[in-house]
Amino acid sequence: MLQTNLKHIESADEHKKFIEENENVMICCGRMGPMCVPVYGIMEELEDEYTHVKFADMEFDNPDAHVIRNAPECAGFMGLPFTVYYKNGKIVKATSSIQSMEEVRAILDEHFKQ
Amino acid sequence: MEEIFDTIILGGGPAGLSAGIYASRGRMSTLILNEGTVGGQMVLTHEIANYPGVEAINGFALANIMKKQARTFGCTIKGNLRITGYDLQGDVKTIEVNGKDIYKGRSVILAPGGTPRTLDIPGEDKFKGRGISYCATCDGDFFTDKKVIVVGGGNSALEEAVSLTKYASEVTIVHQFDHFQAFEHAVNEAKANPKIRFIMESELREFSGDEKLRAVKIEYLPTGEITEMEVDGVFIFVGYKPNTEPLKDHIALNEWGEIVVDPQMRTNVEGVYAAGDCVVKRYRQVTIAVADGTIAALSAMEYVNSTKQLEQEAGQV
Ligand SMILES: Cc1cc2nc3c(=O)[nH]c(=O)nc-3n(C[C@H](O)[C@H](O)[C@H](O)COP(=O)(O)OP(=O)(O)OC[C@H]3O[C@@H](n4cnc5c(N)ncnc54)[C@H](O)[C@@H]3O)c2cc1C
């Protein structure tokens, strides 16, 4: 399990339920590495502000993380973490490697308007 | 009444967190404002094995311990924000955050650390995470049996190049000079590795590809000749720069943008101190940042206590 304060998704079933039950979802799939940790930190920081978005992480090496690793939107990704944004269960955006606060905010504001 | 902190610390890496621990434990009202993830470069470190008293530990875990320690003593920590304004002159210093919130402090400790340099050439943003990486330990396994380039000539570049040979079929080190800055043992290890080859006196000029990185343009500096090389990945390790650009009009920096301090960590502005990787120094390590932060906090404490005393004597408070 990742050592973050985010909700952890631990199986493909849990992933399916989470994206189906919540309208706006951001999931960061990574390891405890230098490119991933800053993204978890940003998500923890934004959780209180973006109450209409549900934030979670998923361990990249969890076999069930294939739901993210093999998503067509992540084809060509070669840098951790894979960060995926879902609206009503469908992927609306995916990014590879470290992202800044501004980059994450821009995506949340564009795709998850209140 | 508007709150005036005894000290505001800019930066929440090991220097800032240590300053926070000492200042708040010394009963100073203390605020840490951090632009990125609290922990600074420590959170970029898989394993810190040379911090005395702690056996090998993940950098994120060490940062969390320091953060908790500072909070226990009453230090307020705010992370992932943007510092948009500085007024460091006068008895009360003002820091503007996110273009709207104003924080005031009797003293300021600058601990903004450093950031990895990027190449700033066409295609770098586009292919970040699609072939361009800044961390071999994180992304090395995506390049199994592939051809990669490592850019740089310091210890990180050479050590990461060697570690990438566990995955990649071929590793080419591209370096701008005809010699390396890395320690001799790191150079020797790279030279002895049959999977590593070297392109010296050369710089990358452009990244190209489709949905993935496919090729780079390389300039041979002595002649200016440009060649194209097909490649699957590029790992960039071209050093760090101090995060002092926004401070250049407020305090004295040297020609490399490092903050000039005296042995008490005082800058040229009264009541303003600096600590960690951002100050002039030869070595940059967690232990050194922690020591700097300690000195800066103790100096700030002495300054704040003496100004408070003077104010009291003058009957101002
Ligand atoms: C990959 C890697 C591995 C390393 N391994 C080791 C090791 O094994 N052992 C060791 O001792 N050292 C190691 N180091 C070096 C060590 O991490 C640094 O020397 C140390 O973190 C410096 O601490 P600092 O507090 O000065 O700065 P930083 O750690 O850089 O922290 C500065 C913080 O300030 C924030 N900031 C920037 N600008 C501002 C601003 N204007 N206002 C507010 N906040 C700002 C930054 O976002 C950051 O969070 C490593 C570094 C790296 C990158």
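The values are calculated or read from the model by the stated rules, or taken from the named source; none is laboratory data. Everything quoted here is computed from the prediction, not taken from an experiment. Cβ sites come from the backbone with ideal geometry, for glycine too, and all protein chains shown count toward neighbours.
Details
- The listed residue being on the phi < 0 side of the Ramachandran plot and facing another protein chain (nearest Cβ under 10 Å), out of B:93, B:147, B:128: B:128
- Being within 16 Å of the ligand (Cβ to nearest atom) and surrounded by 14 or more Cβ atoms within 10 Å (Cβ to Cβ) is a property that residue B:279 has.
- Boolean, residue B:145 is in contact (Cβ under 8 Å) with a residue 24 or more places away in the chain, loosely packed, with under 14 Cβ neighbours inside 10 Å and not assigned by TED's automatic domain parsing to the domain that holds residue B:160: no
- Verdict on residue B:22 being modelled with pLDDT of 95 or more and within 12 Å of the ligand (Cβ to nearest atom): no
- Leading residue by the ranking (surrounded by the fewest Cβ atoms within 10 Å (Cβ to Cβ)) among those in the stretch A:44-58 that are at pLDDT 95 or above and within 14 Å of chain B (Cβ to nearest Cβ): A:50
- Which listed residue, of A:34, A:63, A:81, is within 14 Å of chain B (Cβ to nearest Cβ) and at pLDDT 95 or above: A:81
- Flag for residue B:99 being more than 11 Å from the ligand (Cβ to nearest atom), out of contact with any Cys (no Cβ under 7 Å at 6 or more places or on another chain), within 14 Å of another protein chain (Cβ to nearest Cβ) and assigned to a loop (DSSP other than H, G, I, E, B): yes
- Single residue of B:16, B:36 found to be within 12 Å of the ligand (Cβ to nearest atom), in a helix (DSSP H, G or I) and under 22 Å from residue B:244 (Cβ atoms): B:16
- Within the set B:12, B:16, the sole residue that is touching a strand residue (DSSP E or B) at 6+ places or on another chain (Cβ under 6 Å) and either within 20 Å of residue A:97 (Cα to Cα) or within 14 Å of chain A (Cβ to nearest Cβ) (or both) turns out to be B:12.
- Residues of the stretch B:211-244 satisfying the condition of being on the phi > 0 side of the Ramachandran plot and within 13 Å of the ligand (Cβ to nearest atom): B:239
- Checked against the criteria, residue B:264 counts as in contact with a Ser or Thr (Cβ under 6 Å, 6 or more places away or on another chain) and loosely packed, with under 14 Cβ neighbours inside 10 Å.
- Filter result (of a type in the set (Gly, Ala, Ser) and within 18 Å of the chain's Cα centre (by Cα)) within the stretch B:105-135: B:111, B:113, B:114, B:133
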